[in-house]
1. Would you tally the net charge around residue 221, using a Cβ to Cβ cut-off of less than 10 Å, leaving residue 221 out, and scoring K and R as +1, D and E as -1?
2. Label residue 52 and residue 270 with points 7 Å out from Cα along Cα→Cβ: what is the distance between them in nm?
3. Amide H to amide H, which residues 5 or more places from residue 229 or on other chains are under 5 Å from it, using H placed in the peptide plane?
4. Past 27 Å, Cα to Cα, is the threshold; run 83/118; 163/204; 163/200; 55/244; 98/153; 55/153 against it and keep the listed order.
5. Suppose the chain between residue 62 and residue 207 were pulled fully straight at 0.36 nm per residue; how much longer would it get relative to their current alpha carbon spacing?
6. Sorted from largest down, give the three principal axis spans of the alpha carbons of the stretch 220-263, whole angstrom values.
7. Determine, for each peptide in 192-204, 265-277, 124-136, the mean count of other beta carbons within 10 angstrom over its residues, then list the peptides with the highest first.
8. Going 7 Å from the Cα of residue 248 along its beta-carbon direction, which residues of the stretch 158-185 have the amide nitrogen within less than 17 Å of the resulting point?
Amino acid sequence: MWDLRWNKKDQRESKGKGTCYSFCVAWLPFSRAKPGNRRTGYRILAVELTSSNTKPVVQEFQRVELSCIIKSTTTSNPRIEWKKIRGGETSYVFFENKMQGDFVTRAEILSRTSLVIKNTTRMDTATYRCEVAAPDDANIVDEINIQLTVQVKPVTPRCRVPKAVPVGKTATLHCHENEGYPESTYSWYHNSEPLPTDSKSNPKFHNSSFVLNPGTGTLVFAAVHKGDTGRYYCIATNDAGSAKCEEQEMEIYDLNIGGIVGGVLVVVVVLVLITLGICCAYRRGYFVNTKQTGKSYKTPAKPDGVNYIQTDDEGDFRHKSSFVI
């Protein structure tokens, strides 16, 4: 019985004996090799992991098992660690034989290596790494990644529908929610009838001119017509479920150009009449204020035959009488 143990450092000495690509590997014969198959009679003394499901999907608040199975090892008590990788950050889930962080009260180790999360949340969506260290094995470390997806049901979407739009004008209806995971897709209904993504794709809507974007939830009418009047609502859907907003009424009305012009003319005539009335009232003195405030002085009339002569002394006047004979 023989034992070969190599590592990278000893590769230069292994010519003619075999090949070692990484870590230390030992091959032990446990049966005679068959002709034409040199590796049949040997087993690799290295820890090896496997999983029954590397991409589990579960809905929020449900239980999930992250499968990590030791396929082979010679170490009786290997060291088990679980790590969570999310958004470029790595944190411990199971370390030194105990749960870490918020997993203490809602997670446990099953069958020595698998991780069970009893009550998943949307924040649990991440990559989980199972690492096993087996000191007694030649290849002492192995790891496996589990990609967990926690689906979240959409909440009631926010819908915006214009209340009234004139015939021939554009109209945009909005629908959106930001809680669901994966991201929701949106569908619109008119009088409880589902609308296609393009009115031109369905003969029933050939008189309309709308386009629906299922990814953004916007429903755009290029030019509304009377048939677009009615009740509208939207449904947000993803793999976890769906949610509906309340129905809202949109009215399409005719734009009466003649009535608008007539109304404008009436307003203009009324303004002209008011202006003329004010002008006439000013001319007739209805707006003159006859009430005098303070003392009022009246210049005395100049007597006949009296001339006033101004002197140089501070503007005083003296009069000169003249008699006409």
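Only the coordinates and a few stated rules stand behind these numbers; no lab work does. Computed from a predicted structure; not experimentally measured. Note that we place each Cβ from the backbone using ideal geometry, even for glycine, and neighbour counts take in every protein chain shown.
1. My count for the surroundings of residue 221 gives 0.
2. So the label points at residue 52 and residue 270 sit 8.2 nm apart.
3. 252
4. 55/244; 98/153
5. Full extension of this stretch gives 47.4 nm more.
6. Principal extents (largest minus smallest coordinate, Cα): 57, 20, 15 Å.
7. 124-136, 192-204, 265-277
8. 158-166, 170-178
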